[in-house]
Each structure stands twice: as structure tokens, then as C-alpha cells.
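*Asks:* Supplied in C-alpha cells, the structure appears directly below.
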Amino acid sequence: MDRSFLNDRGVIARWRPFLPVTDATPVVSLNEGSTPLIHSPRLSQIVGRGCRVFLKYEGLNPTGSFKDRGMTVAISKALEAGAKAVICASTGNTSASAAAYAARAGIACYVLLPAGKIALGKLVQGMVHGARCVTIDGNFDDALRLVRQAADSGAPVAVVNSINPHRIEGQKTAAFEIIEDLGEAPDAHFLPVGNAGNISAYWRGYNEFHALGRSTKLPRMVGFQAAGAAPIFHGKVVEQPETVASAIRIGNPASWEMATAAVRDSHGTVDIVTDEEILSAQRWLAANEGIFVEPASAASVAGLLKCTRHGQPASEVCAPCPLRQFPDEGVIVCTVTGHGLKDADTVLKGGAPLDAPIQATWEAISALLG
Ligand code: F0G
């Protein structure tokens, strides 16, 4: 039997020459990456002028978020270095991914989570994969501070937050895939920003392929933070970040400087979207495009919809508009970072009414169907 197919999937298998791995690296993979780039006819129509909008649906990774791209590299490298345990702080997705890849690698995983602020599906993922899930009486920024302290203390654990450079390396592959799918880089790339690793990773990926001549242009990087958790937008640490989009409830992003450089060098911007805009974009995407994403993921689409509403130059709530002077027939990619099923609670809390049961008779059903 030809078993070669077993090894030809996953981020490291597909992008090995661009990643910090060698033949000595034991590859820990769950066939992550190669996610679909889905054309969105309705968003394209809303933007108008012949522009095309695509959604990079990262919720279709093995643990349901983009984190798997970086985790395959981080866990493989940790194993190569002889680590017996890994640790991370998380708003839920990094921990779900770390737990799954650590289980696969056969090493221990510790996760520090802000108590009461993790979507249930993500918490369950960490638990079922056998991670030691520790909730703290503090927010994500506190958890990350403690993880840094664990690293500095010399404790025998490898940190797999995005302060681990292997995470960013793995995550940049999403930009490679987009260039391969489109045959060119997009004109603008919209994505949610929390700890700010992903926007930095995409920018690195776009630059690497541009330098190799695989694309002729670079996109404007456009990041969206939740209005109540927008340190980069405001240019200062937010001590008590608050947003319904728990994945990006972060007040002091680790990759702040890298993200700021990506935005500056790409002539992009960082803007904010309100919780209402986020939830409304989440519902819109599910109802109109058949794509169910978690609230944080909807921030990119909420941002695009906001841009089409404001359309014109900066106001107090709208950073310099990325759609201003946007080329006709331009291409926009929005990354939707995580699957909606991770956070069913938020949808239910928003009121998803289920009618009382009806009689189990054909008469009742046929009356319903008219
Ligand atoms: N979208 C989702 C679904 C996320 O889980 C995160 C980050 C982001 C966007 C923001 O990406 O941090 O690279 O700017 N989640 C981290 C976690 C913080 O712990 O799972 P970023």
C-alpha cells in the first residue's frame, strides 16, 4: 500500500523549506493548514466597484482555529529540544491547540486561563486532550505574565505562546496559501487583532513570498480590535479589557511592536469594532454566507462592513479608511480565525429562539409548511 499520503499533509509537510525544521525535527502534525479561501459574493457586492472579497476560513483547522499552524511547529521544536512539558496562557484557542498537539506528542501541557472568560467549547477541548487547565483570578495579560515568569524561572517547560518565534513561523503559512490560491497577494488583508501575533505572521509570510517573486505586490494589513480591548488603536495598555469576543480580550499584546510595524510598513491601519458590530457580523456571515465563526473571528468582517458604511476619511471612531483610494476590482481577504461552535453560548445568549415543540403528526407539520 502506498503510505506516502500519510506524510504529505500539514503545514510542515507543505511548507518545510520555509520553516525552521530539519530532518532531526520530529514532526507533530494533525494535517493542519490548507484551509479554504472562500469567495464571498455578498461581501463583494457590498464593497462594490468590481472588488472581490474572500474569506480564509481558519475554523477548519483540526482544533477549530488558526492556532494549529503555529502549534505544529512549536510542539515539534519543543519535542526536538527534549521538552517533556509545555505551558501557555490563553483566551482559549491557543490552549485548545496546545493541548491537542501535546497529547499527540505525548508530553504534558499546562494552560493558564482567565477564570470565567473562556468559551465553553475551548475549555472542553483543553480538558478532553488531557491538559492541566488552571484558571486564574485575572485576565489573559496576567496569565501571560505568569507564563513569562515560569520561563524565566528555569522551570522545565517550553512556552508555546506566540512569544515563541516558532508559532509566528507556522502561522505565516496562511499568507503563502492565499498567494497560491489567488496567484497574487490581495490588495488588503483584514483580520482580528488580540495578542497581535497573527497580523505579524501574515505580514512576514506576504513579505517572504514577495521577496521570492511569488507575488508582485504586498497587501495593506488592516487589523480590528474590539472597542473595549483596543490597546494598539488607542496607543496605550488597557488595564481592564472587556468584550464579548473573549478570544481577543487582551489589554497588552505581546506582539504589539511587530504588529505596529506591519501596519506602518504595509500602509494599513488598526481600527476598532463594537461588540454589537461583531455580533451582527457573526450572525450576518452565518445567515448569508453559511459560514459560522466565533465572535472574535467576525471582527474582520465587522471591520469590512464598517469601512463600507463609513467609506470616507477618518472620524474619531474610524481610523484612516483602508477602502479609501482602494483600486477598482481590488481583492480583499478577511481571515475568519476560529469556528463558531467553540462558543455556542454567546449565540444562545444573544437570543436564538426555539419554538415550543409541536405535535408529532403530519397535520401539524403540513400546517407549518403551508
Ligand atoms: N481570533 C481568534 C479566534 C483567537 O483565538 C485569537 C487569539 C485572535 C483572533 C487574535 O489573534 O492574538 O494573534 O492577534 N487568541 C489567543 C489565544 C490570544 O489564547 O487563543 P492574535
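The values are calculated or read from the model by the stated rules, or taken from the named source; none is laboratory data. What you see is a predicted model; the values in this text were computed from it and never measured. No Cβ is skipped: glycine too gets one built from the backbone with ideal geometry, and neighbour counts run over all protein chains shown. To get the accessible areas, we keep the full protein, side chains included, count just its heavy atoms, and leave off ligands, DNA and RNA. Shrake-Rupley method; radii C 1.70, N 1.55, O 1.52, S 1.80 Å.
*Asks:* Against the definition (in contact with a Gly (Cβ under 8 Å, 6 or more places away or on another chain) and open to solvent by 10 Å² or more (accessible area, probe 1.4 Å)), how does A356 come out, yes or no? First the steps, then the outcome.
*Replies:* Numbers: in contact with a Gly (Cβ under 8 Å, 6 or more places away or on another chain): no; open to solvent by 10 Å² or more (accessible area, probe 1.4 Å): yes.
So A356 fails the test.
*Asks:* For the stretch 142-163, give me the residue count where each residue is within 13 Å of the ligand (Cβ to nearest atom) and part of a strand (DSSP E or B).
*Replies:* Count: 1.
*Asks:* Of the numbered conditions (1) over 24 Å from H189 (Cα atoms); (2) open to solvent by 10 Å² or more (accessible area, probe 1.4 Å); (3) charged (D, E, K, R); (4) within 16 Å of the ligand (Cβ to nearest atom), R104 fails exactly one; give the number of that condition.
*Replies:* (4)
*Asks:* Something else: Report yes if I87 is within 24 Å of P253 (Cα to Cα), within 14 Å of the ligand (Cβ to nearest atom) and either assigned to a loop (DSSP other than H, G, I, E, B) or in contact (Cβ under 8 Å) with a residue 60 or more places away in the chain (or both), otherwise no.
*Replies:* Details: within 24 Å of P253 (Cα to Cα): yes; within 14 Å of the ligand (Cβ to nearest atom): yes; either assigned to a loop (DSSP other than H, G, I, E, B) or in contact (Cβ under 8 Å) with a residue 60 or more places away in the chain (or both): yes.
Here the answer is yes, as I87 does meet what is asked.
*Asks:* Out of (1) buried (at least 20 other Cβ atoms within 10 Å of the Cβ); (2) modelled with pLDDT under 95, what's the single condition that is false for A155?
*Replies:* (1)
*Asks:* Hey, among V293, V331, which residue is at pLDDT 95 or above, surrounded by 17 or more Cβ atoms within 10 Å (Cβ to Cβ) and closer than 19 Å to A227 by Cβ? Don't jump to the end; show me each part of the working.
*Replies:* Working: V331 fails: closer than 19 Å to A227 by Cβ.
V293 is the lone residue from the list that is at pLDDT 95 or above, surrounded by 17 or more Cβ atoms within 10 Å (Cβ to Cβ) and closer than 19 Å to A227 by Cβ.
*Asks:* Residues to consider are A83, A89, A78; find the one that is among the aliphatic types (A, V, I, L, M), farther than 19 Å from T35 by Cβ and under 17 Å from the mean Cα position of the chain (by Cα).
*Replies:* Criteria check complete, one pass: A89.
*Asks:* What single numbered condition from (1) open to solvent by 20 Å² or more (accessible area, probe 1.4 Å); (2) modelled with pLDDT under 85; (3) closer than 16 Å to T269 by Cβ fails to hold for C318?
*Replies:* (1)
*Asks:* Give me the residue from the stretch 232-246 that is under 18 Å from the mean Cα position of the chain (by Cα) and more than 11 Å from the ligand (Cβ to nearest atom) and, out of that set, nearest to V293 (Cα to Cα).
*Replies:* In the first step, residues of the stretch 232-246 are kept if they are under 18 Å from the mean Cα position of the chain (by Cα); the result is 232, 243-246.
Right, trim to more than 11 Å from the ligand (Cβ to nearest atom) and you get 243-244.
Working: T243: 16, V244: 14 Å.
Of everything passing the filter in the stretch 232-246, V244 is nearest to V293 (Cα to Cα).
*Asks:* What is the one condition in (1) aromatic (F, W, Y); (2) open to solvent by 30 Å² or more (accessible area, probe 1.4 Å); (3) touching a residue at least 24 places away in the same chain (Cβ under 8 Å) that W284 does not satisfy?
*Replies:* (3)
*Asks:* Any chance the stretch 112-124 includes a residue that's under 13 Å from S246 (Cβ atoms) and assigned to a strand (DSSP E or B)?
*Replies:* Yes, some residue in the stretch 112-124 is under 13 Å from S246 (Cβ atoms) and assigned to a strand (DSSP E or B).
*Asks:* Here is a further query. Please indicate, with yes or no, whether at least one residue in the stretch 60-74 is more than 14 Å from the ligand (Cβ to nearest atom) and open to solvent by 40 Å² or more (accessible area, probe 1.4 Å).
*Replies:* yes
*Asks:* Next question. Quick test for you: out of V124, V134, pick the one residue that is open to solvent by 20 Å² or more (accessible area, probe 1.4 Å), free of Cβ contacts under 8 Å to residues at least 12 places away in the same chain and within 15 Å of the ligand (Cβ to nearest atom).
*Replies:* V124
*Asks:* Then there is this: Quickly run through the stretch 224-240 and pick out the residues that are touching a Phe, Trp or Tyr at 6+ places or on another chain (Cβ under 8 Å) and not aromatic (F, W, Y).
*Replies:* Correct list: Q225, P231, I232.
*Asks:* Let me ask something else. (1) open to solvent by less than 10 Å² (accessible area, probe 1.4 Å); (2) within 19 Å of G194 (Cβ to Cβ); (3) touching a residue at least 40 places away in the same chain (Cβ under 8 Å): which one isn't true of Y57, the others all being true?
*Replies:* The single condition Y57 does not satisfy is (1).
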